[in-house]
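Written below as structure tokens is the structure these notes are about.
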Amino acid sequence: MQSSAYGASLAGGAFDLVHFVKQPQTILRFLSWLFSIVVFATIIAEGYVNTTKESDMKCIFNKNDSACSYGVGIGVLAFLACVVFLMLDAYFPQISNAKERKCIVLGDLVFSAAWTFLWFICFCVLANQWSKTENMGTAVAPDAARAIVAFSFFSIITWGLLSFFALGRYRQGVNEFDQEYRDPANDHSTPYPPTPYASSSGPTGYQQSPFSHNQEQPGEYQPPAY
């Protein structure tokens, strides 16, 4: 088992709450968690209103219900993902298997990059629809719509930084894994001397036993005298 690949040097260490909270990655996850709550909670609470001409609830973003549904879906999934990854970050130092650590780091990288892109789409869609929104009546809360758009933009930044940190941790793990693992068959830096048998023909430099000459030539046989 490698000693530091993907953070293995921390494996088995005690959980330090203060150090965990001060980590930039932890702070970014808390911010992403908070921003996602603002987005989907505001859409659910104030994103649908009754217009003066219609009795049905309509999305405040140009009456486009798909825009509101998209924002709610992305926000809820981001909220759940932040909770899961915060738990994995807290448990990460206790994991001693390099393959499990690699899967967690790679999953964090892929998900963070994907949600950075999805939040970018969300921001573009909501900003575009809000710019096209006409007067829907006094029930529309423009501050709520602007807050949704603004925190969608903030989420792009936090998830982008999470992707950057995940990529750095993944590269560090790969480099440490490659540096520490060596194939014993190709490792020429071993402190042990090479085997004395250079070929399969047998040992070289073999010396005859000092007793072999006497055993092979015991001398002439002398019968006993009667």
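Computed from the coordinates by the stated procedures, all read-outs in this text should not be read as laboratory data. From a predicted model like this one, the values you see are computed outputs, not experimental measurements. Neighbour counts are summed over all protein chains in view; Cβ atoms, including those assigned to glycine, are modelled from backbone coordinates with ideal geometry.
Please work out the FRET efficiency for the pair Ile121 and Val76, using the Cβ-Cβ distance as r and a Förster radius of 22 Å; give the result to the nearest 0.05.
So, using R0 = 22 Å, E works out to roughly 0.90.
Which of the lysines could be linked to Lys132 by a straight reach, that is with a Cα gap under 16 Å, when you skip same-chain ones fewer than 8 residues away?
Answer for Lys132, where 16 Å is the Cα cut-off: Lys58, Lys63, listed by chain and number.
Between Leu17 and Ala41, what FRET efficiency follows from the Cβ-Cβ distance if R0 is 30 Å, with the result rounded to 0.05?
So, using R0 = 30 Å, E works out to roughly 0.60.
Are there trypsin sites (Lys or Arg not before Pro) in the stretch 17-109 that DSSP puts in a loop and that have at most 10 other Cβ atoms within 10 Å, and which ones?
The qualifying sites are Lys53.
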